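Before any comments, here is the structure.
The values are calculated or read from the model by the stated rules, or taken from the named source; none is laboratory data. Values in this document were obtained by computation on a predicted structure and should not be read as measured data. Note that we place each Cβ from the backbone using ideal geometry, even for glycine, and neighbour counts take in every protein chain shown. Heads up: the accessible areas ignore ligands, DNA and RNA and are worked out on the full protein's heavy atoms, side chains in. Shrake-Rupley method; radii C 1.70, N 1.55, O 1.52, S 1.80 Å.
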Amino acid sequence: PGYIAELFKLMGHDAVSADTKAASVITLETKLAKASRKLEDLRDPYANYNKLSISQLKEVSPGIEWTKHLQEMGVKGIDSVIVGQPEFYKALDQLIKTEPTQTIKDYMAFHLVRNFAPYLSSPFVNANFNFYNKTIRGAQEQKPRWKRVLDAEEDVMGEALGQLFAREYFDEKAKKRYEDIVENVRNAYKQRIEKLDWMTDSTKQKALHKLAAIRKKVGYP
């Protein structure tokens, strides 16, 4: 609660209002947490593989405009989705209907600012570090600013920087050499599969299809 209230204060709310908003956010997050599966329940791959049509998804949480939401996300041409925890979305649908609008606004405002806190002014940066890195992870001090800038740069344009690095230290000629090695290994597997006497022809075809589908990743994309 202390960290959440601190962020609300940095957003311009007085101490009393910040504490009230923080308490509301904690209460809402607690309700969401209770609707979520425990860690041990997430280990069951079958229980967490729930294929639902879009119409079924709407039945689980009719208050959420899934069709519009998927379109806004750029998801097109699908008739079904895999939902890990349908009961969570059912509970979320009810909470959206019953929670005060201001609580939902505060929840969204907090998470928006929390997400960008490392890139805002020093008070936000320090509050974020003190909670997530110092309190939770035990770090004693932040990385120097130049290292944090490099980390941010790597996150947003790592592939572009990687192209320059690869051009300098692992050119296309070197990449071609190692790609050929991978293909030689693939061909050796193919020949071995074809000569197996304990595998039926239909199974061999499946094995060869799987072998051909393996993507080779050499050095860089």
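Data overview
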item	result
The chain: angle of helix 86-98 to the longest principal axis, Cα-based, in degrees nearest 10	20 degrees
Calculated from backbone phi, Karplus (6.51, -1.76, 1.60) coupling profile of the range 207-221 in Hz, x at Gly/Pro	5, 5, 4, 5, 4, 5, 7, 5, 7, 8, 10, 10, x, 6, x
Sequence ranges 50-60, 174-184, ranked by mean other-Cβ count within 10 angstrom, highest first	50-60, 174-184
Cα-projected label distance for Glu141 with Asn187, points at 7 Å along beta-carbon direction, nm	5.8 nm
Accessible surface of the chain [probe 1.4 Å, protein heavy atoms]: carbon and sulfur percent	56 percent
Estimated FRET transfer efficiency when R0 is 41 angstrom, pair Ile78-Phe165 (beta carbons, to 0.05)	0.65
Degrees separating the helix 101-116 axis from the principal Cα axis of the chain, which is the longest one	60 degrees
Centre separation in Å (Cα based) which lies between the range 169-221 and the range 40-84	35 Å
Evaluated at q = 0.11, 0.17 Å⁻¹: base-10 log I(q)/I(0), Debye formula over Cα of the range 54-169	-0.69, -1.01
The chain, accessible area per residue, ligands and nucleic acids excluded (1.4 Å, Å²)	75 Å²
Computed P(r) (all Cα pairs; the chain; 10 Å bins; percent)	6, 17, 19, 25, 19, 10, 3, 0
Estimated FRET transfer efficiency when R0 is 22 angstrom, pair Lys217-Val149 (beta carbons, to 0.05)	0.15
